[in-house]
Each structure stands twice: as structure tokens, then as C-alpha cells.
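The values are calculated or read from the model by the stated rules, or taken from the named source; none is laboratory data. Because the structure is predicted, anything quoted here is derived from the model rather than measured. For neighbour counting, all protein chains shown are included, and Cβ atoms are generated from backbone atoms with ideal geometry for every residue, glycine included.
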Amino acid sequence: MSNQRRLESMVSDVEEAVNLGSFVSYRQSWDYVRRLETVKSKIDGLATKKAAKQCVPLYEMFLSGCYEKADEVDDSSGCFGEFFQELFCSWIEARQNAGYEAEQSVYQMFKWMDNDEYGFLHDVQESLVEVLDREGLALFEARIKSRFREALFKADPTNRKRIYDYPFDVRRNAAILKSICLAKEDTDSYQSLCDELGTTPKDCENIAKIKRKNRQLRSALIWVDKGLDLEKTATWPNESAWGLPALKRNLLVELGRKKDAVESAWSGFEAYPSEFAYDELMKYVSRKDRERWHKKAMKTVLSASLPDIINLSVKTQEWEILRKSVENAGHEELEAISHFTTEKAAEELEKIHPIEAAKIYRAMGMRIVKGKKSRHYDIALDHLRKAKKLYSENKRKDEWLFLVEEVRRDHSRKYSFIGGFERIVSGSYAGRYQSFEERTKKRWEKRLSDAEE
């Protein structure tokens with residue numbers, strides 16, 4: 001098929017993918033966006049310099065269609081908005097490849113951004129500075145600077161101490177200018193903006209990254225420390241910089257101060273003991289010192305939250321710490337923990353500390369039952385069946401009987417659950433629902449066994 005024929009067929013492909021007139025629920029949104037991406041990738045493949053001019057109207061139709069569709073999509077996940085940004089950037093690239101005047105492209109970009117009632121292009125600037133060519137970026141920057149100055153001139157200068165004290169127009173245009181400074185690695189212009197509007201931890205991180213890239217390590221470290229100090233002074237909703245501590249440690253290593261990097265990582269672990277903080281600590285510890293720091297970390301983690309103790313104990317295979325933590329925990333405390341944390345712990349403890357494994361399985365089952373998650377009652381029954389087995393095999397049948405009494409007293413009216421539970425009590429429960437493949441395979445084996453008899 002020729003390129004022209006492909007382009008003509010794309011019109012109906014776009015129309016079919018957008019599918020105006022039908023509502024897309026939250027659950028359907030991922031698949032819906034995947035279909036849009038498939039069509040976009042086909043257009044992208046055709047949008048070479050040779051065919052870019054013919055692709056521009058396709059992108060424009062696609063963008064308009066998606067905007068028309070916006071009220072018919074539950075975009076709680078944000079994936080539809082992200083797709084729109086990607087499509088918008090592909091449209092800009094196609095215009096550049098087709099040789100359209102940069103001034104006209106930038107004019108149309110701003111029209112879209114200014115009339116974006118759904119907020120799809122709210123933070124598109126970071127993507128735009130990557131796709132705009134030199135002329136387009138220069139025009140874009142000049143327009144943003146003009147808007148920034150105009151918005152700043154209108155703003156009342158009194159009591160302006162932080163970026164949040166300025167009107168939205170000032171903040172928005174400043175954010176775009178900062179993105180341009182980052183793309184150009186222009187720390188001087190970035191610092192000038194900070195001098196005018198105040199510096200945030202995020203600003204410090206951005207400037208430090210540029211300076212690190214340019215091997216200005218000591219200067220980068222000064223900016224990191226400034227950002228860390230700012231973090232302590234106030235809350236910074238969208239201007240916080242969680243990556244500053246790790247960036248500081250990397251800079252310390254690059255400056256030959258590995259010992260300081262270890263101490264910094266330890267301070268982080270000591271303040272918030274967790275699996276992530278442990279990994280960060282071990283990243284900087286030398287091989288010969290790992291055991292010493294590991295023991296120190298395991299003592300400290302005992303003061304952490306139960307989920308963090310469980311996660312870290314499983315990760316490091318510290319089974320005795322895990323056993324004691326589970327033994328000392330109350331049933332309700334364990335029930336409050338997500339199965340993503342407890343399931344792996346139960347599986348690992350089952351062979352070496354079965355009583356504690358039974359306690360976790362009990363908690364996992366009761367978490368579902370108490371949460372009235374009827375769709376997952378089959379999973380809860382499996383957990384409780386495992387708990388019964390482990391209690392019974394290890395002479396702790398009284399624990400099981402206490403649980404039976406509690407379930408019968410508090411959950412007997414959950415009819416889709418209690419029948420299966422009573423079958424567990426009587427020993428006739430066969431396990432959770434089996435797939436068609438499992439059931440037919442079992443039937444086949446049974447028929448063969450019967451035939452042999």
C-alpha cells in the first residue's frame with residue numbers, strides 16, 4: 001500500500017479509535033488509550049519529512065477528536081491526558097518536519113495552551129522544550145518571557161516571600177522558563193528567576209543537577225545543602241525535592257568523601273528505617289563493613305513500623321526478627337497491613353516458624369472478611385484453611401478454635417463466606433475456585449483412574 005493510501009485510511013482509523021458518542025469508564029480507559037496509541041504510532045511512522053505535511057492535518061483531526069471526547073472519558077488515572085500531551089508534541093514535530101513557519105507553529109501552540117479547559121497541557125512545557133527546534137524554542141522562550149514580565153508587573157510586590165505568594169500567571173510562566181533553562185543548562189538565568197521569586201527545594205535540585213553534569217561538584221553540593229535546609233523551613237507542596245539526599249550522597253562519593261556519604265545514608269535510615277533506606281545505606285557501605293552496618297540497621301529497624309520491620313526482615317532473611325515481631329503483634333495490628341507485605345512473609349515463615357505463619361494467614365483472611373470484600377472470600381477461605389492446617393499440625397488447635405468462635409459470632413450473616421468457612425471447620429473444603437482447565441484436567445484424570453479400576 002502506498003503512503004498516500006495509508007494516509008487516507010488513517011482518517012477512518014482515527015475516527016474509529018476516538019469513537020465519539022460512547023462513554024469510557026475508568027476501567028476501560030487503559031485499553032481505550034492503548035487503542036489510541038496504536039493509531040498514533042502508525043501516523044508517527046508515516047510522519048517523515050517526505051510525508052510530514054500530509055500528516056499534520058491528521059494530527060490536528062486526532063487532537064480535536066480527543067478534545068471532543070474529553071467529557072466522555074473517566075480519566076481519573078490521567079492516562080488520557082498524558083496521551084494528549086504526547087499527541088500534541090508529535091503534531092509540533094510534524095509541523096517542523098514539514099517546514100511550516102516556526103512563528104505560526106508557536107502561535108497555534110499558545111492558542112491551544114491558553115484555551116485548554118481540561119488542563120491536558122498544564123505541564124506540557126517539559127516535553128515541548130525537548131521537541132522544539134532551535135528557532136521554535138527561541139520564539140517560545142521570548143513569548144513566555146514577555147508573558148512572565150507582564151504578569152509580574154501586575155502582581156502586588158508586597159509580602160512576596162515564596163513562589164506560592166505570586167498569582168498563577170506568574171508561577172506558570174516561571175515554571176516554563178525554568179524548564180527552558182534546564183533544557184539549555186542555563187544556571188545563570190535559572191538563578192536570576194530564583195532571586196526574583198524566591199528559591200524552592202526543587203529549584204536547588206535542578207540547579208545542582210546541571211552543575212553536577214558540568215562537573216561543578218562543590219557548587220552542586222552547596223545547592224543541595226541549601227535545598228535540604230529549605231525543606232526543613234516549610235512545606236513545599238509541588239516544589240519539594242525528595243531526591244536531594246541521594247543526590248548529596250552521590251556528590252560526596254564523587255568528591256572522594258565516601259565516609260560522609262555513608263554517614264548521610266545512615267542518618268536517613270535512622271530517621272526513617274525502611275527497605276528503601278536500607279538499600280540506600282548498603283549502596284555506599286564497603287563490602288568488608290557490610291555485616292557491621294547490617295547488624296546496626298537490624299537493631300534500629302525494631303523501632304520502625306510493623307510493615308517496615310516485616311518488609312526488611314523478609315528482604316534480609318532475618319527470620320528471627322520477623323518471628324518475634326509477628327509473635328508480639330496483635331491480631332488487629334496484623335490485619336491492618338496490606339497483603340503485599342504479609343503474603344511473602346507468611347510463605348517464608350511457613351517452613352521454619354509455622355505458628356507465626358498461621359497467625360499471618362489468619363490476619364490475611366480476616367482482613368478480607370472484616371472488610372466485606374465478598375469478591376475475594378475464596379482467597380480469604382484459602383488463607384484460613386492454611387491457618388487451620390498450621391495450627392493443627394503444631395499443637396495449637398486452641399488458637400484455631402478461638403478463631404472459629406469469633407467468626408461464628410461476628411460473621412455468620414456473610415452467607416457467601418460462612419458456608420465455605422464451615423466446610424473448613426469440618427475438613428471438607430476443597431480450596432478456592434478452580435479454573436475450567438484445572439477442573440477438566442482433574443475430571444480427565446479421575447475418568448482414567450475409574451476406567452483402570
**Asked** Out of all the residues in segment 123-140, which are buried (at least 17 other Cβ atoms within 10 Å of the Cβ) and either among the aromatic types (Phe, Trp, Tyr) or farther than 18 Å from residue 88 by Cβ (or both)?
**Response** 140
**Prompt:** Applying the selection to segment 210-237, what residues are assigned to a helix (DSSP H, G or I), touching a Leu at 6+ places or on another chain (Cβ under 9 Å) and crowded, with 16+ Cβ neighbours inside 10 Å?
**Reply:** 210, 211, 212, 217, 220, 221, 224, 227, 228, 231
**Residue ranges of helices (runs of 4 or more DSSP H) in segment 86-184 with at least 2 members in the same structural domain as residue 69 (by TED's automatic domain parsing), more than 27 Å from residue 201 (Cβ to Cβ) and within 34 Å of the chain's Cα centre (by Cα)** = 102-114
**Message:** Residues to consider are 47, 17; find the one that is free of Cβ contacts under 8 Å to residues at least 24 places away in the same chain and surrounded by 12 or more Cβ atoms within 10 Å (Cβ to Cβ).
**Reply:** 17
**Request:** Pull up segment 285-340, narrow it to residues that are polar (S, T, N, Q) and part of a helix (DSSP H, G or I), then point me to the one that is surrounded by the fewest Cβ atoms within 10 Å (Cβ to Cβ).
**Result:** 328
**Fill in**
Every listed condition ((1) more than 22 Å from residue 426 (Cα to Cα); (2) within 27 Å of the chain's Cα centre (by Cα)) holds for residue 364 save (1)
**Request:** Quick one: count up the residues across segment 50-61 that are basic (Lys, Arg) and surrounded by 12 or more Cβ atoms within 10 Å (Cβ to Cβ).
**Result:** 1
**Fill in**
Scanning segment 253-278 for residues that are more than 28 Å from the chain's Cα centre (by Cα) and part of a helix (DSSP H, G or I), the one nearest to residue 216 (Cα to Cα) turns out to be 254
**Message:** Is it the case, given these coordinates, that residue 240 is assigned to a loop (DSSP other than H, G, I, E, B), within 27 Å of the chain's Cα centre (by Cα) and not assigned by TED's automatic domain parsing to the domain that holds residue 337?
**Reply:** yes
**Asked** Has segment 64-79 got any residue that is more than 20 Å from residue 118 (Cα to Cα), part of a loop (DSSP other than H, G, I, E, B) and charged (D, E, K, R)?
**Response** no
**Message:** Being assigned by TED's automatic domain parsing to the domain that holds residue 117 and at pLDDT below 90 narrows it down to one residue among 16, 8; which is it?
**Reply:** 8
**Prompt:** Here are some conditions: (1) modelled with pLDDT of 90 or more; (2) exposed (fewer than 13 other Cβ atoms within 10 Å of the Cβ). Residue 412 meets all but one. Which one does it not meet?
**Reply:** (1)
**Item:** Residues being surrounded by fewer than 17 Cβ atoms within 10 Å (Cβ to Cβ) and outside any helix (DSSP H, G or I) - total across segment 348-372
**Value:** 2
**Asked** Mind checking which residues of segment 223-264 are among the charged types (D, E, K, R) and without any contact (Cβ under 8 Å) to a residue 12 or more places away in the chain?
**Response** 229, 232, 257, 259, 260, 263
**Request:** Restrict the check to segment 180-194 and report whether at least one residue is of a type in the set (Gly, Ala, Ser), within 28 Å of residue 103 (Cβ to Cβ) and out of contact with any helix residue (DSSP H, G or I) (no Cβ under 7 Å at 6 or more places or on another chain).
**Result:** yes
**Cross-chain or 6+ apart pairs with Cβ under 9 Å, segment 284-299 first and closer than 16 Å to residue 273 by Cβ, then assigned to a helix (DSSP H, G or I) and hydroxyl-bearing (Ser, Thr, Tyr)** = 294/278; 294/316; 297/278; 297/316; 298/313; 298/316
**Prompt:** In the set 29, 76, 105, 90, which member is surrounded by 12 or more Cβ atoms within 10 Å (Cβ to Cβ) and over 30 Å from residue 134 (Cα atoms)?
**Reply:** 29
